[in-house]
1. Quick check of the Kirkwood formula: for the range 89-291, what is the inverse mean of 1/r over all pairs of different Cα atoms, in Å?
2. Taking the Cα centre of the range 89-291 as origin and charging only Cβ (+1 Lys, Arg; -1 Asp, Glu), how large is the dipole, in debye to the nearest 20?
3. Ranked highest first by average number of other Cβ atoms within 10 Å, how do 107-120, 263-276 line up?
4. Sorted by packing (mean other beta-carbon atoms within 10 Å per residue), highest first, where do 307-316, 127-136 land?
5. Please list 3J(HN,Hα) in residue order for the range 17-29, calculated via the Karplus relation 6.51 cos²θ - 1.76 cosθ + 1.60 where θ = phi - 60°; whole Hz, with x for glycine and proline.
6. Under 1.5 on a/c is rounded, so check that first for the range 157-220, then, if it is not, pick prolate when a/b is larger than b/c and oblate when it is not; a ≥ b ≥ c are the square roots of the alpha carbon gyration tensor eigenvalues.
7. Between Asp247 and Asp265, what is 0.36 nm times their sequence separation minus the Cα-Cα distance? Round to one decimal in nm.
8. Could the peptides 206-217, 141-152 be put in order, highest first, of the mean number of other beta-carbon atoms found within 10 Å of their residues?
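Laboratory data are not the source of any read-out in this text; all were calculated from the coordinates shown. The model shown is predicted, which means the values in this text are computed figures rather than measured ones. Cβ atoms come from the backbone with ideal geometry, glycine included; neighbour counts cover every protein chain shown.
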Amino acid sequence: MRGIVFESPAFLYLLLVLPVMIGYYVWRQHKAVASISVPGLQQFDQSRPTFRHWLRHILFGLRSAAIGLLIIVLARPQASSSYQDVSTEGIDIVLALDISGSMLARDFRPDRLEASKNVATEFITGRPYDRIGLVVFSGESFTQCPLTTDHAVLINLMREMKSGMIEDGTAIGEGLATAVNRIKDTDGKSKVIILLTDGVNNRGIIAPVTAAEIAKTYGIRVYTIGVGTQGYAPYPVQTPFGLQYQDMQVEIDEAILKQIAQMTDGKYFRATDNEKLKQVYSEIDKMEKSRIDVRQFRVREEKFLFPALAAFILLIIEILTRSTILRNLT
């Protein structure tokens, strides 16, 4: 934010001298008019003032303007810029989200996938200074969005992801390995992966523990989240009559998820409903809060040169005009 401030604003009170000068000048001009009537000169009463006559008043205006500018110079005008210097620890976060068909189960509102997307969006919005990326996995995995600070783009890409984008299944190892590959070479001082799934690893050539070992090698901390209620949940099932929901046993490989978290100095969470899922992300947010040191400071740039130069030019014009064109009138 830029604006003009004055280092010595008290000098601006001197500007009150200008109205006094103008008033005195006008009063003196009236006093200078002759009050003696001379017979036979009435024909000159209608004569218009010459250019030289008006130029004499313009010179007074130039001098007054120059004095006003010099007073402003004394007050030292400065352009002020306010900055907010944010120094952050530099946390890089990759969200690895399961988009398999089972994520459409209705034990969350409206389902597990939409609930996960909504809560993750709130998490992203609350961390404006972090680089965040998005990896999705099902029967295989891919990067939906690389690490970025443009969270608007990230959120839009998250909204576009849906179950069925890739072959169905639950390749937890593949999803974690893709996330590790995305974050391992970054220069962030802290690297975090949040892995969310609702099932058991049943696809892919990379075992979840192997991917966790790679993450540990690169100093990447992995938080794992198991999504699903306890017991049974309504799962979508394709039938001859279309998509229907049937109550099926919730199966989450908590042992593997706990092992991944333990190996990488992370933590495992179990979310059984929307509110629990929000609490999980809130707890992760607190544990991985960026060390932000906000300092407000003001940079000021001297701006007296322009009014000083303008005052100098006006004075030169006045002196030259008075000593040349109006030399015989002064």
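1. On the way: mean 1/r = 0.0601 Å⁻¹.
Over the range 89-291, the inverse of the mean reciprocal pair distance is 16.6 Å.
2. 480
3. 107-120, 263-276
4. Working: 307-316: 15.9, 127-136: 21.4.
Put in order of decreasing packing, that is 127-136, 307-316.
5. 5, 4, x, 5, 4, 5, x, 5, 5, 5, 4, 5, 5
6. On the way: a/c = 2.49, a/b = 1.38, b/c = 1.80.
Oblate shape, in that a/c is at least 1.5 and b/c is the bigger or equal ratio.
7. Extra length from Asp247 to Asp265 when fully extended: 2.9 nm.
8. Values: 206-217: 19.0, 141-152: 16.3.
By packing density, highest mean first, the sequence is 206-217, 141-152.
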